[in-house]
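Below you'll find the structure, written out as structure tokens, and then a few comments.
Derivation of every value follows stated rules applied to the coordinates shown; laboratory data play no part. Every value quoted in this text rests on a predicted model; they were computed, and no experiment measured them. With ideal geometry, Cβ positions are generated from the backbone for all residues, glycine too; neighbour counts draw on all protein chains shown.
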Amino acid sequence: MSVKLRSFAALGLVSLVLLVVGIVARPGLAQPVHGLAMHGDLKYAADFQHFDFADPDAPQGGTMRMATIGSFDSFNPFIIKGTSASGLTFLGQSLLYDSLLKNAEDEPFSEYGLLAESVETPRDRSWVAFTLRPEARWHDGQPITAADVIWTFETLMAKGMPFYRAYFGSVAKVEQTGPRSVKFSFVPGDNRELPLILGQMPILPAHYWATREFDATTLEPPLGSGPYAIAEFEAGRFVSWKRRPDYWGRALPVNRGRYNFDVWRFDYFRDDDVAIEALKGGAYDYRAENNSKKWATAYDVPDVRAGRLRKELIPNRRTQGGQGFLYNLRREIFADRKVRRALGYAFDFEWSNKTLFYGQYQRTRSHFENSELAARGLPSAEELAILAPYRGRIPEEVFTQAYAPPVTDGSGNIRENLKTAVALLAEAGWSIRDGVMTHGASGARLEFEILLVSPAFERVVLPFKKNLERIGVLASVRTVDVSQYRRRLDTFDFDMIVGGYAQSESPGNEQRDFWSSASAEIEGGRNLNGIRDPVVDELVALVISAPDRKALVARTRALDRVLLWSYCMIPHWYISADRILYWDRFGRPALAPDRGVSIETWWIDAAKDAALERRRGQGGS
């Protein structure tokens, strides 16, 4: 949801660990196992005690205070209505709801039992069955049942956000097969990640929702099963989550060393500037900084210089996805690929990086940036074998050129690039008349709106707008509030936005939601570009059905190339590190996962906390 459900990482072939305690599985037969790996073997054996990136002896207690921008009006994150509160979907999971399986952050895509004590799936991945732990309980003490799993699936499919129907669309049937077991059977075809995707589904209490409207917003704190529950809140201002001392799963290997704070509190601020000042004033504890200018200039204060407020750049090997100016291809003005390519010559990344971003970024050149999945250079033999059947239906450059966005010298003088843009537009039937880029046949003017949700992006967009004006292209910039922005995206009521596609290390079902023709007109869907291309549909299907890691990489790169040469976005930038600030009161494990900072494994260090309080009492902060 991580996307945003950054949450539903994605995927390809599931490999089974065929050895369980006391049982050796016979080849080809499904056997109960403790976890599933995307490709290859699981890292952790059936008797593992904790993940390597978590410290099982971490102290517990205290409060972690974090900031959120905007507001909230609902505790239901599963529907399109409303803006849900922080913590309901958090760090790719939920503080309130447990799922059947839990991701390991130090593997590309592996999951281990949480609500499920075991999972079974045959080699052909035609079905998956989960057996629930007998001790799993809701916060009211009632057992979590197979009926809850079935009800959750059916309700999310019928009333949940549109992406659930894309994620789970290949499920043909769900049925209870035992006192604590549920089986999902799939439609014919290769969708080898689906067992893991179903493992990530948050399970909801059917008995709680039996007397409530699931498809309505609510500010009644819901019943959950996870490590925390809502303790206090004020709509739009804060929400405080308190750890459940009776949490049924606290001793499970997947949870040991995690959820160490007694309380997670999320305070809401009007904008980033207010939130930054609040951080420096000690109003909350931790911030991930996504603005390069603020990172470079906003924190030159005594507490940072003295190390009381820590400022750290922590490298990661996390797939960065692709960010850029996204075209809405539903708009006729962007229908011609040459027009989309031409407008990209008006964005001066090198000048922006030097002048606005303090040289912190690299240029995005892929929809799967910072990973082996990104297309680079010319296609490999494996990629060519995938792409060859589509010759004549995809841009020829896919076969003959290495994709690269336009480059400048960083001086701000992009005259040559703008000449190229004008020439490309001329090929598409456009010319400058009375200072305005006009189509020769229709007389239409080349004008569009760039929709923003954050004023911070205006400093990036306005120079781009000015460059467009130099070639007669009329771009307006409009910044709206979060709720209006969300609504306009849900209904695809925009020309161009600053956006992107969060990607995992193992792409799969979510690619259908991002790129497929079927998702292009689903309200609230994530095919923001509105791509409708049968070739892309087929390439997405190939990614989803990849039989092993090697095939997944080749197929993802092939998809990436077709998308890049289709010019669906004007690429922006990325950074392969986490920029974080936090008050020096925490301890954390020595080993960090490849995906970057994992604050759910942090804890309050009593000595550091006391020292910080002494310094504050002496006027040191």
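Amide H contacts under 5 Å for residue 602: none, restricted to partners 5 or more places along the chain or on a different chain, H placed in the peptide plane at 1.01 Å from N. Karplus-derived 3J(HN,Hα) values for the range 95-112, using 6.51 cos²θ - 1.76 cosθ + 1.60 with θ = phi - 60°, are 6, 9, 10, 8, 10, 5, 10, 10, 5, 9, 6, 10, 10, x, 6, 9, 9, 10 Hz; glycine and proline are entered as x.
Per residue, the chain reaches -7000 deg cm²/dmol at 222 nm when only DSSP H runs of four or more residues are counted, each adding -39500 (n - 2.57).
Let me know the shape class of the range 277-407, please: from the alpha-carbon gyration tensor, a ≥ b ≥ c as square roots of the eigenvalues, rounded when a/c is under 1.5, otherwise prolate if a/b is greater than b/c, or oblate. Prolate shape, in that a/c is at least 1.5 and a/b is the bigger ratio.
Between the amide H of residue 586 and those of 605, distances stay under 5 Å, these residues lying 5 or more places away or on another chain, with hydrogens modeled in the peptide plane.
Contact order for the chain, expressed relative to its length and based on alpha carbon pairs under 8 Å spaced 6+ residues apart, stands at 21 percent.
Per-residue Karplus couplings for the range 200-205, computed as 6.51 cos²θ - 1.76 cosθ + 1.60 with θ equal to phi - 60°, are listed in order as 8, 5, x, 8, 10, x Hz, Gly and Pro entered as x.
Among rounded, prolate and oblate, which fits the chain when a ≥ b ≥ c are the square roots of the eigenvalues of its C-alpha gyration tensor, a/c under 1.5 means rounded, and a/b larger than b/c means prolate? Judged from the Cα gyration tensor, the chain comes out oblate (a/c at least 1.5, b/c at or above a/b). Charge dipole of the chain (Cα centre as origin; +1 on each Lys and Arg Cβ, -1 on each Asp and Glu Cβ, all else neutral): 820 debye, rounded to the nearest 20.
Database remark: amide H of residue 118 closer than 5 angstrom to the amide H of 131 (H placed geometrically; neighbours at sequence offset of 5 or more, or on other chains; Pro and chain starts carry no H).
Could the peptides 209-215, 444-450, 103-109, 269-275 be put in order, highest first, of the mean number of other beta-carbon atoms found within 10 Å of their residues?
Numbers: 209-215: 12.1, 444-450: 17.4, 103-109: 22.3, 269-275: 15.4.
Ranked by mean Cβ neighbours within 10 Å, highest first: 103-109, 444-450, 269-275, 209-215.
Filter 419/465; 102/173; 280/311 down to the pairs with a C-alpha to C-alpha distance above 20 Å, please. Walk me through the numbers on the way to the answer.
Numbers: 419/465 16 Å; 102/173 23 Å; 280/311 12 Å.
Table pairs above 20 Å Cα-Cα are 102/173.
The antiparallel fraction among DSSP beta bridges confined to the range 370-508 stands at about 35%.
Summing Lys and Arg as +1 and Asp and Glu as -1 over all other residues whose Cβ lies under 11 Å from the Cβ of residue 542 gives a net charge of -2.
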